[in-house]
Structure formats: structure tokens, C-alpha cells
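K.L.:
Before I ask anything, here is the structure I am working with.
The values are calculated or read from the model by the stated rules, or taken from the named source; none is laboratory data. Worth saying up front: this structure is predicted, and the values here are computed from it rather than measured. Positions of Cβ are generated from backbone atoms using ideal geometry, with glycine treated the same way; all protein chains shown enter the neighbour counts.
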Amino acid sequence: MKLFGFLFALVMGCTAVVADDIKINGEFKNIDGKGFPVGWIQNKGGKWAEPFGTVNVVKITESDGDVDNAVQIVSAGKRTEVYTSTQHAAKAGEKIEIEVKAKGTGKVSFGVYVYGEKSWLLNQVEERELTADFQEFKATLTIKDGAKEQAVNVRFFIGATPGADVTIKEIDAEKKN
């Protein structure tokens, strides 16, 4: 019996090392006073995103009758993205699995913005074609260093590619070891 207890503890301990869930309000349950998901910001960082698309919280009714929040992102000709306000520690070589549940027209984009000590370094982006029904998309990204700086943090983002209308009901992220 002691051997069983030891093996159980060992297996559970190893499981905890394999994946580390990253908290990002990815079900959009918490909404701020302006009607935007807490911890998320629309990226309006430059001319690349103009004209800015629209981002709204919408209600969706699940098959069991539950009503949940989702984020609708409509591109206005260029990609439109929202990202986490919190940066999460990550260095080159680490693997992060991102799972997105989305529907719509066009393509959903998701991934990470990678930062060094001083500045933004690069984007690691995945894009998937959408349908009228919610689908689950997964990608495992291996964090990369920038040309002049090492990666130290990431922010997660979701978005709509040019001309897309995307509804995202969930994004989850886990650091894989």
C-alpha cells in the first residue's frame, strides 16, 4: 500500500510539472465598467491596424441553456487584435499551448507578442479558417528570441484577419515543460 501511495504521489507530481495553466480571463467572465473583458486591450498600436476594427462582448447561449460571454472582433480591412494587459514570463525554447474556441467568417488569429527586457521583439501567430459553428483550434508555440534581445515575457492575443468577423468564446494557455 505504501508503494501505491508513493507511486500515486510521484505520478501526480510529474503531472504538475508537465503543464502550467496561465490565467488570462480567457472565458471573458469578468467585464469592466466599459463593457470590455478585464485584462484585455484592443491593439491600436500603430498605422498597421488602421482603420481600427470593432471589438465587442456578446452573449452566446450554449446548448444547455447557459449564457456566456464571448468576444466578437470585426476587421475593418486590416487585422484587428486584442491582447492581455499582463505580461507572462517566458523564455526562448519554452513551449506554450494555446487553445481557442471560435466561429465566424474569414480567419481567426491567435498567438503571443514576445517581449525582451526593453521592448517588443516579435509576434508568433497562428491563423485558422472559420465556419459558422464553434470549433476548437490548438497550437503549440516554441518561444523565440528576438534579433537583438532575449525573450523574457509574452502577452497573448486573439484577432480577426483582414475582412474577418470572428466570435471567440474561449482562449486557454498552458506552459508546457
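K.L.:
For segment 55-73, state whether one or more residues are in a loop (DSSP other than H, G, I, E, B) and either touching a Pro at 6+ places or on another chain (Cβ under 7 Å) or closer than 15 Å to residue 158 by Cβ (or both).
P.N.:
So far as segment 55-73 goes, no, none of its residues is in a loop (DSSP other than H, G, I, E, B) and either touching a Pro at 6+ places or on another chain (Cβ under 7 Å) or closer than 15 Å to residue 158 by Cβ (or both).
K.L.:
Out of all the residues in segment 35-46, is one or more at pLDDT below 85, assigned to a loop (DSSP other than H, G, I, E, B) and out of contact with any strand residue (DSSP E or B) (no Cβ under 8 Å at 6 or more places or on another chain)?
P.N.:
Yes, because at least one residue in segment 35-46 is at pLDDT below 85, assigned to a loop (DSSP other than H, G, I, E, B) and out of contact with any strand residue (DSSP E or B) (no Cβ under 8 Å at 6 or more places or on another chain).
K.L.:
Inspect all residues belonging to segment 131-139 and state whether any of them is among the aliphatic types (A, V, I, L, M), touching a strand residue (DSSP E or B) at 6+ places or on another chain (Cβ under 7 Å) and buried (at least 20 other Cβ atoms within 10 Å of the Cβ).
P.N.:
Looking for residues that are among the aliphatic types (A, V, I, L, M), touching a strand residue (DSSP E or B) at 6+ places or on another chain (Cβ under 7 Å) and buried (at least 20 other Cβ atoms within 10 Å of the Cβ), one finds none in segment 131-139, hence no.
K.L.:
With the requirement that a residue be of a type in the set (Gly, Ala, Ser), surrounded by fewer than 21 Cβ atoms within 10 Å (Cβ to Cβ) and under 13 Å from residue 159 (Cα atoms), what does segment 105-122 give you?
P.N.:
Selection gives 106 alone.
K.L.:
Hand me the list of strands (runs of 3 or more DSSP E) wholly inside segment 74-177 holding 2 or more residues that are of a type in the set (Gly, Ala, Ser).
P.N.:
95-105, 107-115, 153-160
K.L.:
Would you point out the residue of segment 146-175, among those that are more than 28 Å from residue 68 (Cβ to Cβ) and in contact with a strand residue (DSSP E or B) (Cβ under 7 Å, 6 or more places away or on another chain), that is surrounded by the most Cβ atoms within 10 Å (Cβ to Cβ)?
P.N.:
Here the residue is 151.
K.L.:
So which residues in segment 44-73 are over 21 Å from residue 27 (Cβ atoms) and aliphatic (A, V, I, L, M), if there are any at all?
P.N.:
Once the filter is applied, which keeps residues that are over 21 Å from residue 27 (Cβ atoms) and aliphatic (A, V, I, L, M), segment 44-73 yields only 49.
K.L.:
Report, by residue number, each residue of segment 26-56 that is within 24 Å of residue 135 (Cβ to Cβ) and over 16 Å from the mean Cα position of the chain (by Cα).
P.N.:
Passing the criteria: 53, 54, 56.
K.L.:
Restricted to segment 1-34, and to residues that are surrounded by 10 or more Cβ atoms within 10 Å (Cβ to Cβ) and of a type in the set (Phe, Trp, Tyr), which residue is modelled with the highest pLDDT?
P.N.:
Ranking the qualifying residues of segment 1-34, first place goes to 28.
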